[in-house]
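First comes the structure, then the notes that go with it.
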Amino acid sequence: MRECISIHVGQAGVQIGNACWELYCLEHGIQPDGQMPSDKTIGGGDDSFNTFFSETGAGKHVPRAIFVDLEPTVIGHRCFKAVMFTSGLLLGSGVIFLLCYKERVLETSLSLEVSAGIALAIGALCGLVTTLLRSVGLFATGLLLGMLLAAAVLAAAAPLVPPLSPWVPVGVLLGPALLCALLALRWPKALTTLATAVLGAAAVVVCVDYFVEVFALVLHVSERLRMEAVEELCWHSWVVLGVWPALSLLGVLLQQW
């Protein structure tokens, strides 16, 4: 006996496949639960029916079809699983990289490449956890959003305040991070939309900064977070920095549409 398996890919493919199989099931009298009415039987020699349907041990008839819906792979909050994986990957790999590269592990100083490899491996595991556990993924996304916004505030306020204790920046970073993480659990769609827009815009700004001034803006922000004396930014860096809120707003508007 020959068997035929149909594969339907994408939103349009799934809709067309559903319509075709519904008509085919109605034609043969198959009910929505896969059962055949007691007053209707299929002849043993009807190979055409068995070609497209498979009978389970419970007597249900299942279409030989595979449906692959690619709709969640669009952009923004619609790509929820990808956003959760990225949040876990960034958070996990960032923390592990700093621990491995800045500290001695097993009485050995690890190189940059080894630290990056370990960080990516553990970050991938963290991404898998945040993908499978929705609440953990939302919490990680909120943490990233809060830390990024707090870092921007610290970098902007550094010239206006005297050098403080190293614990002050840590507290300023953790406070908004935890607040955004809790808000993400309360309003997941709104915070996910905002987080993807802000983080995506920040990634674009970092790339532009690399091509324009070879990470001059990134190094400037890093030194300000460490409360070190730095020179003023030139107008190129201010233009690049001004792109961040503009792209963030554009990202939010595009996702709302």
When restricted to Ala229, Ala246, Ala202, the only residue surrounded by fewer than 13 Cβ atoms within 10 Å (Cβ to Cβ) and modelled with pLDDT of 85 or more is Ala246
When Gln256 is run through (1) surrounded by fewer than 16 Cβ atoms within 10 Å (Cβ to Cβ); (2) at pLDDT 80 or above; (3) closer than 23 Å to Cys79 by Cβ, the failure sits at (2)
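Looking at this structure, is Leu183 part of a helix (DSSP H, G or I), within 14 Å of Ser248 (Cβ to Cβ), at pLDDT 80 or above and touching a Leu at 6+ places or on another chain (Cβ under 8 Å)?
Details: part of a helix (DSSP H, G or I): yes; within 14 Å of Ser248 (Cβ to Cβ): no; at pLDDT 80 or above: yes; touching a Leu at 6+ places or on another chain (Cβ under 8 Å): yes.
Against the criterion (part of a helix (DSSP H, G or I), within 14 Å of Ser248 (Cβ to Cβ), at pLDDT 80 or above and touching a Leu at 6+ places or on another chain (Cβ under 8 Å)), Leu183 does not qualify.
The values are calculated or read from the model by the stated rules, or taken from the named source; none is laboratory data. Keep in mind the model is a prediction, meaning the values are calculated, not measured. Neighbour counts run over all protein chains shown; Cβ positions are idealised from the backbone, glycine included.
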